[in-house]
Each structure stands twice: as C-alpha cells, then as structure tokens.
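Enquirer: Have a look at the structure that comes next, please.
The values are calculated or read from the model by the stated rules, or taken from the named source; none is laboratory data. Predicted model, so just to flag it, every value in this text is computed and none were measured. FYI the Cβ positions are ideal-geometry reconstructions off the backbone, even for glycines, and counts take in every protein chain you see. Side chains included, ligands, DNA and RNA excluded: accessible areas come from the protein's heavy atoms. Shrake-Rupley method; radii C 1.70, N 1.55, O 1.52, S 1.80 Å.
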Protein chains: 2
Amino acid sequence: LINRISGILVVIVILFFSIFDIQAQKLSDEKLKYYNQIADEIISSSLNERKGYELLRELCEIGPRLSGSENSLKAISWAENKMKDAGFDSVWLQPVMVPHWERGDVEKAVIIESKYFTGKELNIAALGGSIATPPNGITAEVIEIRSFEELKEQSENVKGKIVFFSQPFDQSFVNTFSGYSNAVKKRSEGAIEASKHGAVGVIVRSITTKFDNQPHVGGMRYSDTIPKIPSVAAGYLDSDFLSEAIKKEPGLKINLKLNCQTFPDAQSYNVIADLKGTEKPDEIVIVSGHLDSWDLGCGAHDDGGGCIQAFEVLDLLKRLDIKTKRTIRCIFYINEENGVRGGIEYAKYAENSSEIHLAAIESDRGVFTPRGFTVDADSSIIEKMQPWLPVLNKAQINHIIKGYGGVDIYYLRDNVKAKIGYEPDAQRYFDLHHSANDVFEEVHPREMQLGTAAITLLTLLLSEEGL
Amino acid sequence: LINRISGILVVIVILFFSIFDIQAQKLSDEKLKYYNQIADEIISSSLNERKGYELLRELCEIGPRLSGSENSLKAISWAENKMKDAGFDSVWLQPVMVPHWERGDVEKAVIIESKYFTGKELNIAALGGSIATPPNGITAEVIEIRSFEELKEQSENVKGKIVFFSQPFDQSFVNTFSGYSNAVKKRSEGAIEASKHGAVGVIVRSITTKFDNQPHVGGMRYSDTIPKIPSVAAGYLDSDFLSEAIKKEPGLKINLKLNCQTFPDAQSYNVIADLKGTEKPDEIVIVSGHLDSWDLGCGAHDDGGGCIQAFEVLDLLKRLDIKTKRTIRCIFYINEENGVRGGIEYAKYAENSSEIHLAAIESDRGVFTPRGFTVDADSSIIEKMQPWLPVLNKAQINHIIKGYGGVDIYYLRDNVKAKIGYEPDAQRYFDLHHSANDVFEEVHPREMQLGTAAITLLTLLLSEEGL
C-alpha cells in the first residue's frame, strides 16, 4: 500500500510542478495590469485619432504603386518624409533593383466572326509580367478548360487556341485564403501549362469572391524553355458570359490585343525607420508591410494599409510616450507583388548585420477587423505567446496559432525566432484583391485602426517579454 | 504520515472527480465528429448558395417597413408566402396592434436672420414619434448643450430655445454598442429633459460612427406631464457645422418645420413558422429577428438580415435534411423599433402555451462577420454551452458569454432557459443604423451567410443537446 501511495505521491508532485510551470508562463498580475492599462490607451488613441486612416488616404491619392513605376518612387519619397516628420530614429532607404513591367494602353479581347456575339468585348486585364501580342493581336478559337488535369486530357484540342481557365473560386472555405490558394495556380502557372500543349494565349477567370466584372490581376510566370504566350484575367461576369457563349457556339473566336512591356530592372528602395530600444537597442522587432501595389485600384488594402499600420505602431508608441526595451523597426518593403526583391534584400542585410532580429510582423492580408495572428515559428515559441492573449483580446485578437508569416518576411528564415502574420477577418479581402476595387473607400476606419492597435500591442509584448 | 497521505488521497479523489465532471460536459468524440461533419455541410451550403442573401435582396426591394405602414404589411405577406413556399410547418400570423407614426413630407431646419448663415439648411430627420410643428414651423434660438448635467446647469438659458445636443458618439469603445448606450439617452429622453427646462424643440447629433451627413433616427419618448416638443436628428457634418456656427454667432436662430403625425394603432402581425421536432415536438428553440425597420434606408442590417438569417436556419436544416429532436421556430417579430408590441404579444402566448420554450436566439445587431453569442441566462447554463465552442468555431464563433439576448425575446423572461443574442463584429453597424445608409448594398454576402451558418449550428446544438 505504502508503495502505491508513494507512487501516487510522485504523480502528485509531477502534476504540481506541471501546474506550476503553466502558471509560470502567465503574465504576473502586475504586468497584466500594466499591459491592460496601456492597451486601453493604445486602443483609444488609435480609434479616436484615426491618424493612420488619414495617412492612408494621402498615400492612396498618389495612385497605384507598381514596382519600377514613377508612382512607386513618389510613394517611397512620401513615406520617407512622413517617417522623418514623425520623428522616428534612423530613417533610411535601402536600395534594391526591381522588375519594371508596364500594362500599356491597349488591352482588348473581342469576340469576332461569331453568329451571335460578334463585337462583344470582354472586360480583361493583362496579368503582371505578360508579354504583349503583335499590334493586330492574336486571333484564335477559345477552349474552356477547368483544371490542369482537364488540360492534359484535352491536350490535342488545345493547340493553336486560347485556353480559358474558367473554374471559379471555391466559396465553401470560411478562410478565403484557402480558396485563393486552390485557384491561384491557374493564374500564376497557366501560361506555362497551356503553352506546353501548344496554346497561343490564356484567359483566366478572375480569382474573386465578388461576382462583379472587375478583372483581378496578379503575378504570372514563364519558363525559359516554353514559348511565352499572352495571359489575361477576365471579369467574373464576363467569364460567365464567355462560358455560356462557348456552350452556344463551340469554336468561338477571340481577337486579343495587349501592348504591355517589360523594361530593364529599375532602381528602388525599402523604406526603414526605428524607434530605438532603451535597454536592448540592438535587438529588433520588425513591423512591416509592402509599399508596392498592383496597378489597378490603389492598393489600399494590399498593402498600403499594412504599411500604414506598421508606421502607426511606431507613431502610437511615440505619441503615447511608451518606451520599449528593444528597438521597433518599421519596414515598407518594395516589390512584394512581382519579385519580392525588397524582402530578399532586407533578409541579406539582416543576415550580415550585428543586430539581433527577434521577431518580424507583417500585415498583408487587408486591414479588416482583427481576428488573430499566425506564427511561423517553433511550437514552443508560439506556446510562449499564449499568455499574452488576454491583453490582445482587448483589440479583438482571438488566437495566436501556427501559420504563415508573410511573403516579405519569409526570407528572414532562421534569422528571426518568429515570423508573424496579422490575420484580419478574411471575408471581404478577395472582393478587391489585385483589382480596381482596392481603393481607399473600401477601408473602414475603425477596422483598420483596431488592427493597428492589435499589432501595436503584440509589438510591445514581443519587445518587453522577449521570446 | 499515513493520515497526511490519506488527506492527500482525498484531495486526489476530489480532483479526479472534478476532472471527470469537466470531461463529462465535453461532447463525446462521436458527437463531435457528427457535429463537425454537419457543420461543414451547413457552412458550405450557406456560403455557396447565398440563398438568404438573395431573399434579403427581395425583402429590401419592398422598401422601409415601419410598423403600421403599408410596406410593413407587404413584407409580412411576403414573409408568410416565403415560409409556405419553403415548406415549413404551421406557418401562421399572430395578430398584434402596433403604433402608427408617419414622417410626412415636410422636414426642414433652416438658419434665419443670421449675419453669416441665413438660408443654410441642415440635414435633419424627425425622431420616431415626434410631434409636428405648426405649419409655419417654430423659430427659436439654438443653444448647444453637451450633456444632461450641462442642461441642468444651463436651465435658465434654455427657456424658449431649441436645445442642440451636440456630443458625439465616443469612438474609444471597441464594442460600439457601449458607445451607443452612452449616447442614446439624448435621443430617447432628450425631448423630456429639454422640455422640463422650457425648451421648445430638440436637435440631436446623429449617433453614428460614420462622419457623413445622414441623419440617424430612432425612437424617442414623451412624458404625459411635460409639454411635448418636436425632436429631430441632424447629420454628423451638419452638427459640426451648427456647433461652429453657434460659436461664431451665439444666439443663432433656426426655423424648424415638421409635419409628421401619429395615427391610431394599426393591425399588424408576427410571422411564425416551425420545423417540427422528431422526438420532443413540444419543446421549442426560437430563432428570430424583427421585420419592422425605420423608414430611412430599408432596414437591411436592422433587421431584415436578422429575420432572413432566422428563416434560413430552418431552410438549411430542411434542405440538408437534418432532423432535429426539438421543434425549431422562426419568428419575425413586428414593432421592435417603436413599441416592442410583437415581442410582448409573443411572450404572452408563450406564457399561456403548453409548449416548453427551451431557448430563444435573436439576430438584431447587423449581419456582419460572426464573433460570438451573448447569453442572458444563469451562469450554469452558459457553462453548459462552452463545450460546443469547437463546433461553433468552424463558423468563426469565438465565445459564448454572459450578456444581452435581444429586445424582442427579452419579455420571454423566465419562460426560456436562455435568451441568446447573435454577436457579429460591431465595427460597421453604427455607420448605417437607423439611417438611409442601411441598404442591401451594405450587406456582405459571405459575412451574412457565415453568420447564418453559426446561428444554425447553435440552434442545432440547443435542440439536440438541451440545456
């Protein structure tokens, strides 16, 4: 009996220590009180002053900011000035060469020689990086294909034709990013896959949750060993139309004209500013977004909003006079959309720097109402962040879970302990993503400002608590 | 030693049982699997088919649905037909007399006899229930007052004047309903309080999170013992303007004209339908919203959307052939906005019925993306619902917490075990609440449909698991 009891006692002791261990991870009452009070100040200032929202309005007035464009340089200069005006430390521009592609002024897809639809013009836009057509365009039959599997099956019928990838975004996913991941390959790899089978052009149904007629563009790739063919996105409604038209009249022909052009790489810059830490100034917490955008709309959500949130993290800390142990670094990366040159360049810098990069946060999923953070890090690191949830919950952060960090911070790899993505509500993002719908008017001030407060709180906790 | 060990063993046994107790409340693996699978089906059907969203479009085409209006009767008839078409059980109209107030066609507030602003017309709308002015209006000085405390202090200066309650909605609250509660008294009680001090009219700054110029109306009260004075809401921007104008020119005069009118109470109806339970048909789970709306906009979020969500709970269960143990009852209440007569009438019915009302859910805070449920019930009941969270989380429900149920279900009092309010994200609701902004175009299909899925899941869990 005594032996059994001793055994049970050992179990109790272990239980005790494991409970003790769990409690040790919690924030002390004193700290919790401090952070909760600071959270109220940050949230209140962010929601009342709407400073970031007004800055985003200014940024959007510059217009779209595709890498290599004049606008992108204007935006870089604007950002540098705003950081200096705000009194941030060590504002600098990190040089980096970026791709330079321009849409041109001719984008036309017209149905021709048709019994029913001659002259019907489809609402299309060239995918980023597409080659142009000859001046008179290419004229070819359109074949509707739903998947890469079907493309293979239809291999013999594709030659000389324009492939129309028609499958819509799957609406079933609560997380629209899952729907997007499933659909995006046809946009990014469609030209390569179709060309393998002899196609002369590609039309992709826009990847969107909104059933309007705006083309949603985005990056696409070519292979050096496979003929390059022009590639466009069509509006959702015109994609429906085209699908019906082909059913009624198989062998339907389209004349497709594009005069987009790729120029030599252009000089560009990441924009960087610090708030120096008081105790560990050489340890860095990054908050970031990307300043470049696609050339339709003005990149209000993608990712002007994310940049401005990063900016306002520093601004909030500064205007509320909150000192941080570690240095908080704001980075506006350039060229996320078609090359990630900015992210790669900064990662090189980080690798060779004597600074210690603790963590990097990126906001690049729209500036909608907060839901959580997704963390690319060891489970033990993510575990360590859980006790912060009661504080973050004040700004509507419900979870910190394993997941993707962000495209621009991805290349920091093991040089940071955690790459963290801000996760706003995802229901509306793909309504506007990469389209003319992505304008300032689609940003809600309270949603954006609450997100800013959430990111500020996480930044503060990372700086003060470490990982 | 043995005694101590025995003591410790008792503690272990207690710990053991309490752990066992906690686990007993959890859903079994088998049940969890069942509910998770059904959750996927419900969410997928709701997001893909957008049936409720399209029904809401139809409802909104009828126009605003203020109690007693012709439109409200059209909407009642439309709803009854839709419930019958959907094949619900025992569709019926519960008669109830409702207030009948009409805005009329004259609403004008003009600055007169001013050095700077003569002729400037303010964007105003009569508050629901306001009396009219004489045909030539009332002309009086305007005095700006921020709070009821200031009203008392300024008592001597208020006599014969129009009181302008100018204090804006406090934007600091993450939960905008807290901001609203703080502000709403000036709208609902302002006429009584101002009249006590001899005021002849009231202008209230619109209670809104959007800084546009739409008047946001809503209910207001009179007292039988205090003179009734006309009462209007002014647009946010014109409230700013008026505030500045009074600063520049104290003693500024306004001529205010209204020809709104209160008619005798009108015949109206709650619209009710069931999905009969298979095992306990006499036990009821209510899902509900209110069909009446204010007369600006078309009550898309408030509360056409909530009604249609309740409708689609039954429709989803039916179209996916999910049988429930208990009866699921959909109620479209009438007259939430200015009388709650529908809610009170149904509560009387419930009190005298042999049916057992288990729980009532109301969706009446807009049809935005889901966040949680707030429950007006004993803590032990709310505790019992916690194990359902992993299932509800699939539709983005993050919490089930103590809180308000809903205006229409409030009067069920102790006749239900739980009165439950659907809690969507609240950042955008007061942009449109009670104003011309509350139109179908402001409803996002995925947000609404995800909310519908969440409410359907909770309804199912209530029916199958009980409370």
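Enquirer: Which residue in chain A puts its Cβ closest to the axis that rotates chain A onto chain B, and at what distance in whole Å?
Expert: Minimum Cβ distance to the axis, with residue: A:ASN398, 2.
Enquirer: Quick one: 3J(HN,Hα) in Hz for region A:440-456, Karplus 6.51/-1.76/1.60 with θ = phi - 60°, rounded, Gly and Pro as x.
Expert: 3, 4, 7, 8, 9, x, 5, 4, 4, 5, 5, x, 4, 4, 4, 5, 4
Enquirer: Could I ask something else about it? Given a 1.4 Å probe and heavy atoms of the protein chains only, how would you sort A:GLU283, A:GLU58, A:GLU113, largest accessible area at the top? Kindly include the intermediate steps, with their values, before the conclusion.
Expert: Working: A:GLU283 40, A:GLU58 75, A:GLU113 135 Å².
My answer, sorted largest first, is A:GLU113, A:GLU58, A:GLU283.
Enquirer: With θ set to phi - 60° and the Karplus curve 6.51 cos²θ - 1.76 cosθ + 1.60, what are the ³J(HN,Hα) couplings of region A:303-312 in order, to the nearest whole Hz, using x for Gly and Pro?
Expert: Per-residue couplings from phi come out as 9, x, x, x, 4, 5, 4, 4, 4, 6 Hz.
Enquirer: Another question, then. Can you spot the lysines whose alpha carbon is less than 26 Å from B:LYS417's alpha carbon? Ignore those fewer than 8 places along the same chain.
Expert: Here the lysines satisfying the reach criterion relative to B:LYS417 are B:LYS26, B:LYS31, B:LYS276, B:LYS280, B:LYS318, B:LYS323, B:LYS325, B:LYS348, B:LYS384, B:LYS394, B:LYS402.
Enquirer: Report the antiparallel proportion of the DSSP beta bridges in chain B as a percent, rounded to a multiple of 5.
Expert: Within chain B, antiparallel bridges account for around 50 percent of the total.
Enquirer: From largest accessible area down, sort B:GLU312, A:GLU144; use a 1.4 Å probe on the protein chains.
Expert: The ordering from most to least exposed comes out as A:GLU144, B:GLU312.
Enquirer: Something else: For region B:285-417, what is the accessible area per residue in Å² when the probe is 1.4 Å?
Expert: 30 Å²
Enquirer: Give me a single rounded figure for B:422-429: the average over its residues of other chain Cβ atoms within 10 Å of their Cβ.
Expert: So the per-residue partner count for this stretch is 4.
Enquirer: Go ahead and estimate [θ] at 222 nm for chain A from helices alone: -39,500 (n - 2.57) per DSSP H run with n ≥ 4, summed, over the residue count, rounded to 500. All intermediate terms of the calculation are to be shown ahead of the outcome.
Expert: Values: 14 runs with 180 residues, N = 467.
Mean residue ellipticity at 222 nm (helix-derived): -12000 deg cm²/dmol.
Enquirer: I've got another one for you. Need one word for chain A: rounded, prolate or oblate. Basis is the Cα gyration tensor (sqrt eigenvalues a ≥ b ≥ c); a/c below 1.5 gives rounded, then a/b vs b/c decides.
Expert: Here chain A falls in the prolate category.
Enquirer: Which value, in Å² rounded to 10, gives the accessible area of B:VAL287 with a 1.4 Å probe and all protein chains present?
Expert: Roll a 1.4 Å probe over it and B:VAL287 shows about 0 Å².
Enquirer: For the interface of chains B and A, what total accessible area is buried with a 1.4 Å probe, rounded to the nearest 100 Å²?
Expert: 2800 Å²
Enquirer: Moving on. Round to the nearest 10 and report in Å² the accessible area of B:LYS108, as given by a 1.4 Å probe over the protein chains' heavy atoms.
Expert: Only protein atoms counted, so the area is about 90 Å².
Enquirer: So, one more: Please turn the phi angles of region B:462-467 into ³J(HN,Hα) values with the Karplus equation 6.51 cos²θ - 1.76 cosθ + 1.60 (θ = phi - 60°), one per residue in order, whole Hz, x for glycine and proline.
Expert: For region B:462-467, the Karplus curve yields 4, 5, 7, 9, x, 10 Hz.
Enquirer: Antiparallel DSSP bridges in region A:306-463: what percent, to the nearest 5?
Expert: Roughly 45 percent of the DSSP beta bridges within region A:306-463 come out antiparallel.
Enquirer: What FRET efficiency do you get for A:GLU383 and B:LYS33 if R0 is 30 Å and r is their Cβ-Cβ distance, rounded to the nearest 0.05? Each step should come with its number before you reach the end.
Expert: On the way: r = 27 Å, r/R0 = 0.90.
Rounded to the nearest 0.05, the efficiency is 0.65.
Enquirer: Assign one of three labels to region A:169-255, namely rounded, prolate or oblate, based on the Cα gyration tensor with a ≥ b ≥ c the square roots of its eigenvalues; rounded applies when a/c is under 1.5, prolate when it is not and a/b is larger than b/c, and oblate otherwise.
Expert: On the way: a/c = 2.15, a/b = 1.14, b/c = 1.88.
Oblate shape, in that a/c is at least 1.5 and b/c is the bigger or equal ratio.
Enquirer: Turning to a different aspect of this structure: Can you give me the long-range amide H partners of B:THR369? Hydrogens built in the peptide plane at 1.01 Å from N, cutoff under 5 Å, separation of 5 or more residues or another chain.
Expert: Under 5 Å from the amide H of B:THR369: B:ASP425.
Enquirer: What are the nm distances, shortest first, from B:ASN36 to its equivalents in the other copies, labels at 7 Å along Cα→Cβ?
Expert: 3.4
Enquirer: What does the copy distance list look like for B:ARG413, label position 7 Å along Cα→Cβ, in nm and ordered from shortest?
Expert: 7.1
Enquirer: Taking Cα pairs under 8 Å and at least six residues apart, what relative contact order does chain A come out at, in percent? Before the final figure, lay out the partial values.
Expert: On the way: 1099 pairs, mean separation 96.1, N = 467.
Relative contact order of chain A: 21 percent.
Enquirer: Grab the eigenvalues of the alpha-carbon gyration tensor for the protein assembly as shown, scale each by 5, take roots, and send me the semi-axes largest first in whole angstrom.
Expert: 46, 38, 34
Enquirer: Let me ask you something else. Check A:HIS216: other-chain or 5+ apart residues with amide H under 5 Å from its amide H, H built from backbone geometry?
Expert: Placed amide hydrogens put A:SER206, A:ILE207 under 5 Å from A:HIS216.
Enquirer: According to the square roots a ≥ b ≥ c of the eigenvalues of the Cα gyration tensor, what is the shape class of region B:123-279, taking rounded for a/c under 1.5, prolate for a/b larger than b/c otherwise, and oblate for the remainder? Don't jump to the answer; show the numbers that get you there.
Expert: Details: a/c = 2.08, a/b = 1.50, b/c = 1.39.
Prolate shape, in that a/c is at least 1.5 and a/b is the bigger ratio.
Enquirer: Need one value for B:66-76: mean number of C-beta atoms belonging to other chains within 10 Å of its residues' C-beta atoms.
Expert: Other-chain Cβ atoms within 10 Å of each residue's Cβ, averaged: 0.
Enquirer: What are the distances, in nm and sorted shortest first, from the label point of B:GLU54 to the label points of the same position in each other copy, with each label point placed 7 Å from Cα along the Cα-to-Cβ direction?
Expert: Inter-copy label distances (nm, one decimal, shortest first): 4.6.
Enquirer: Still on this structure, please answer the following. Could you rank B:THR459, A:THR139 by how accessible they are, 1.4 Å probe, largest area first?
Expert: So, going from the largest accessible area down, we get A:THR139, B:THR459.
Enquirer: Right, something else. Peptide A:390-396: average number of partner chain Cβ atoms within 10 Å per residue? Let's see the in-between values first.
Expert: Details: counts 0, 0, 0, 3, 1, 1, 7.
That works out to 2 on average.
Enquirer: Also: Please give the helix A:341-352 orientation as an angle from the longest Cα principal axis of chain A, in degrees from 0 to 90, rounded to the nearest 10.
Expert: The angle comes out at about 30 degrees.
Enquirer: If you don't mind, there's one more thing I want to ask. Search the structure for amide H atoms under 5 Å from the amide H of B:LYS280, placed 1.01 Å from N in the peptide plane, and list their residues when 5 or more places away or on another chain.
Expert: Long-range HN contacts for B:LYS280: B:ARG326.
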